[in-house]
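Have a look at the structure below, then the notes.
The values are calculated or read from the model by the stated rules, or taken from the named source; none is laboratory data. Since this is a predicted model, take the numbers as computed values, not measurements. Cβ placement follows ideal geometry from the backbone for every residue including glycine, while neighbour counts extend to all protein chains displayed.
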Amino acid sequence: MPEQQLRILINQMSIEEKISQLLQLAGPFFEGSESQGEITGPMEALGITDHSIRNTGSVLGLTGAKEVIQVQEAHLKNNRLGIPLLMMADIVHGYKTIFPVPLAIGCSWDMDMAENTAVIAAAEASAAGVHVTFAPMVDLVRDPRWGRVMESTGEDPFLNSEFARAFVRGFQGSDLTQDRSRVAACVKHFAAYGASEGGRDYNTVDMSERQLREYYLPAYRAALDEGCEMVMTAFNTVDGIPATGNRRLMRDLLRDEWGFDGVLISDWGAVKEMIPHGIAAGEAEAAYRAIQAGVDIEMMTPSYEHHLKGLIENGQVDESLLDEAVMRILKLKHTLGLFDNPHRGASIELEQELILSETHRQAARDAAAKSCVLLKNDNVLPLKKEQKIALIGPFAQSGDILGPWSWMGSKEEAIQVYTGMVNLVGSTNITTAQGCDIETGTEAQLAEALLAAQHSDVIVLALGEHSEMSGEAGSLADIRLPQIQLELIAALQSLNKPMVAVLFNGRPLDLHGVYDQVDAVLEAWYPGTEGGAAIADLLYGRQNPSARLTMSFPYSVGQVPVYYNHFNTGRPQGAPDAQVRYVSQYLDIPNEPLLPFGYGLSYTTFEYSEATISSTTMTLEQPLTIKVRVTNTGECTGEELVQLYIRDLVGEVVRPVKELKSFRKIILEPKESQEVTFTLTEEQLRYHHSNLEFKSDFGDFHAYIGSNSRDVTELKFTLTK
Ligand code: BGC
């Protein structure tokens, strides 16, 4: 249906019908929903009438082919003009087959794999009736106190942008109208939600526009460049105005400057939240602010529903703003093919065939193996089948390994660590004990663990945070493991046996009491449905760890935010002429994080040759090539991630001490070596100047090559005319 026909449809709609297209409500509001009626109370509280529901434009969080089809059918009957509902849901890292959390996927640095996780998530969700997913979340994150860091791919704008593109490609494919196995993507949370002050969820964000553009905006932009259909507003303020009512951000930047013409949806309740934010006296003013900013869909609050008509009638809002929003929503319905086939991909048979299929499970297992980061290994891993293992800890036999954004995933379907190990090597050499719960424990639990450990060759500890300790509204001020788990480590240490810690958590932790106490640490994050199988693969060397951190692990929470691409300050630590005291430092802890961005170990070792650069001068036309030879000097096949960083030594504004510009993953057999070549162009040296112009500076640069952002070799070059 081309725009002209949609315009005819809009002309047939009453003002009330148009306004209700802008409303998004949860499934139980609708006829045909199996939980219908449960929401009668809230419906009254929201002041939503039957008329509104009959004309609502979209539904939140309703899945399952049978129910979705029922609701859509009832709606088409109830809706005067037969306009289908859009079904939206959070399919963040899998629908029923749960993949590792996005922060873990980030650590794979593997775009094809990331894309494939989204392809599978889309296929399962689409068969279950979903049309749009509220993903990818691409907020740049620097503060592990914020529970939502697990939804992001990390602290680097370039890498986050690559992942944003990969996820959008995976969710949407290249033809949403024809390809019903895909869903539309909605990039979130626009903008800079990841910079909430103090890591406290929903908190203020305030930063210079240059900082916003340089670090926080690129990943949203990348998602849109890849064709992402929708954008979600953030809960936070941006320069004093909540994003949802921020006209400069939404109209001037997103729509006018970037040319985004898709649907903009508020986050849950974010329109009405302008009242407690203190920029709207009531719902009517909140509605006014949101429609002026260009918010098309209001999620879960009725400010538009109650007030838009009045605002239009009294001349405060031009009806063309409403028509514009309706047009964008109808266009998306058209792009998804809903006017021709309102049930789209929903199919009870397909749903059964796809969900948790062998292929999907295998993909989840591979993804998890590629996402767990080996943080330490003092000659204890990989384990040998003959070794007697005591598997101890609250995650030894727990299904809580899917992560906080896996609402459709089932913990019962998840492969636990114990099961994964037993499936791989049999049960003869593995004993298990819980040791303690996540936050509490008893003497009896500890005694049982000590007994199990006494007869073992190696103790494997499965420790972590339960999934409620991260995710939305999951901020923490203390990011160490719960005290009882630290006590468990200390108690087991008295046995003097090799100890391996496998960690399940949604954020970089302060690893005091863990990293310094055990011989090996495997960061498993929340690895998803096949987590236990993948961890067994890694522990026993069936797979070789290859993941690398995309968010720094702080030395302690007092350093936070700590990130690799920081500025130098006028008094950097360690400069040749630095004083002892009056430098930028902490008196009690180092400046550096415990584990830097890009860090991760393998069961093999890699040696880097001296890197070479094709010239010491770069011109606008003449890029440079940088080469390094990497050799596998260990005993097994392994994957190395070769990273290229730069530093602009003299900028027009201060520049970060390192910026990731490129990376390459290579697989090497023992003794094999490979030359890795990077091309560096002038374009990669550009940044936002004080007047926001995006350009490079002539002058001196460093390039760095290495296996993480700390351990690098330096090369020098100059950009000249
Ligand atoms: C979250 C969003 C999510 C939405 C819908 C909000 O609370 O911030 O990320 O998409 O709920 O579930």
- Query: Within the stretch 307-323, which residues are touching a residue at least 12 places away in the same chain (Cβ under 8 Å) and assigned to a helix (DSSP H, G or I)?
  - Reply: His307, Leu308, Lys309, Gly310, Leu311, Ile312, Glu319, Leu321, Leu322, Asp323
- Give just the number: which of (1) under 23 Å from Ser161 (Cα atoms); (2) hydrophobic (A, V, I, L, M, F, W, C); (3) surrounded by fewer than 20 Cβ atoms within 10 Å (Cβ to Cβ); (4) touching a Pro at 6+ places or on another chain (Cβ under 9 Å) does Phe694 not satisfy? (4)
- Item | Search result, residues across the stretch 203-224 that are within 17 Å of the chain's Cα centre (by Cα) and within 16 Å of the ligand (Cβ to nearest atom) | Ala219, Tyr220, Ala223
- Item | Boolean, Arg180 is away from the ligand (no atom under 16 Å from the Cβ), outside any helix (DSSP H, G or I) and either in contact (Cβ under 8 Å) with a residue 12 or more places away in the chain or closer than 18 Å to Ala234 by Cβ (or both) | yes
- With respect to Gly345, is the statement that it is within 25 Å of Met87 (Cα to Cα), at pLDDT 95 or above and under 30 Å from the mean Cα position of the chain (by Cα) true? yes
- Query: Assuming Leu9 fulfils every condition listed in (1) farther than 29 Å from Ser357 by Cα; (2) at pLDDT below 95; (3) not aromatic (Phe, Trp, Tyr) apart from one, which condition is it?
  - Reply: (2)
- Considering Val71, Val101, Val119, Val59, which residue is out of contact with any Pro (no Cβ under 7 Å at 6 or more places or on another chain), closer than 28 Å to Ser33 by Cα and within 16 Å of the ligand (Cβ to nearest atom)? Val59
- For the subset of the stretch 246-274 comprising residues that are of a type in the set (D, E, K, R) and away from the ligand (no atom under 16 Å from the Cβ), which member is surrounded by the fewest Cβ atoms within 10 Å (Cβ to Cβ)? Glu257
- Task: Among the residues of the stretch 145-162, write down those that are of a type in the set (D, E, K, R) and either within 16 Å of the ligand (Cβ to nearest atom) or outside any loop (DSSP other than H, G, I, E, B) (or both).
- Result: Arg148, Glu151, Glu162
- Message: Here are the criteria: (1) modelled with pLDDT of 95 or more; (2) of a type in the set (S, T, N, Q); (3) out of contact with any Cys (no Cβ under 6 Å at 6 or more places or on another chain). Tell me which single one Gln579 does not satisfy.
- Response: (1)
- Item | Close pairs from the stretch 63-76: first touching a residue at least 40 places away in the same chain (Cβ under 8 Å), partner part of a helix (DSSP H, G or I) and buried (at least 17 other Cβ atoms within 10 Å of the Cβ), Cβ under 6 Å, at least 6 apart | Ala65/Glu351
- Tell me, please, whether a residue that is acidic (Asp, Glu), touching a helix residue (DSSP H, G or I) at 6+ places or on another chain (Cβ under 7 Å) and in a loop (DSSP other than H, G, I, E, B) can be found in the stretch 400-417. yes
- Hits in the stretch 126-148 (condition: surrounded by 24 or more Cβ atoms within 10 Å (Cβ to Cβ), in contact with a Leu (Cβ under 6 Å, 6 or more places away or on another chain) and over 17 Å from Leu264 (Cα atoms)): Ala127
- Task: Would you mind telling me which numbered condition in (1) surrounded by fewer than 24 Cβ atoms within 10 Å (Cβ to Cβ); (2) among the hydrophobic types (A, V, I, L, M, F, W, C); (3) in contact with a Ser or Thr (Cβ under 9 Å, 6 or more places away or on another chain) Phe171 fails?
- Result: (1)
- Item | Residue list for the stretch 297-323, filter: more than 16 Å from the ligand (Cβ to nearest atom) and in contact with an Asp or Glu (Cβ under 8 Å, 6 or more places away or on another chain) | Pro302, Ser303, Tyr304, Glu305, His306, His307, Lys309, Ile312
- Give me the pairs, please: first residue somewhere in the stretch 126-138 and within 14 Å of the ligand (Cβ to nearest atom), second residue anywhere and in a helix (DSSP H, G or I) and of a type in the set (Asp, Glu), beta-carbon distance under 9 Å, and either six or more positions apart or on two chains. Val130/Glu124; Ala135/Glu151; Pro136/Glu151; Met137/Glu151
- Task: Go through Ala286, Ala243, Ala290, Ala281 for me and flag whichever is within 15 Å of the ligand (Cβ to nearest atom) and not aromatic (Phe, Trp, Tyr).
- Result: Ala243
- Query: How many residues does the stretch 225-240 contain that are more than 16 Å from the ligand (Cβ to nearest atom) and either buried (at least 24 other Cβ atoms within 10 Å of the Cβ) or under 12 Å from Ala191 (Cβ atoms) (or both)?
  - Reply: 1
- Message: Here are the criteria: (1) surrounded by fewer than 23 Cβ atoms within 10 Å (Cβ to Cβ); (2) free of Cβ contacts under 8 Å to residues at least 40 places away in the same chain. Tell me which single one Val59 does not satisfy.
- Response: (1)
- Mind telling me which of the residues Val132, Val138 ends up being among the hydrophobic types (A, V, I, L, M, F, W, C) and over 12 Å from the mean Cα position of the chain (by Cα)? Val132
- Only one of Arg142, Arg165 is closer than 30 Å to Asn341 by Cβ and away from the ligand (no atom under 16 Å from the Cβ); which? Arg165
- How many of the residues making up the stretch 596-635 are of a type outside the set (Ser, Thr, Tyr), surrounded by 15 or more Cβ atoms within 10 Å (Cβ to Cβ) and in a loop (DSSP other than H, G, I, E, B)? 7
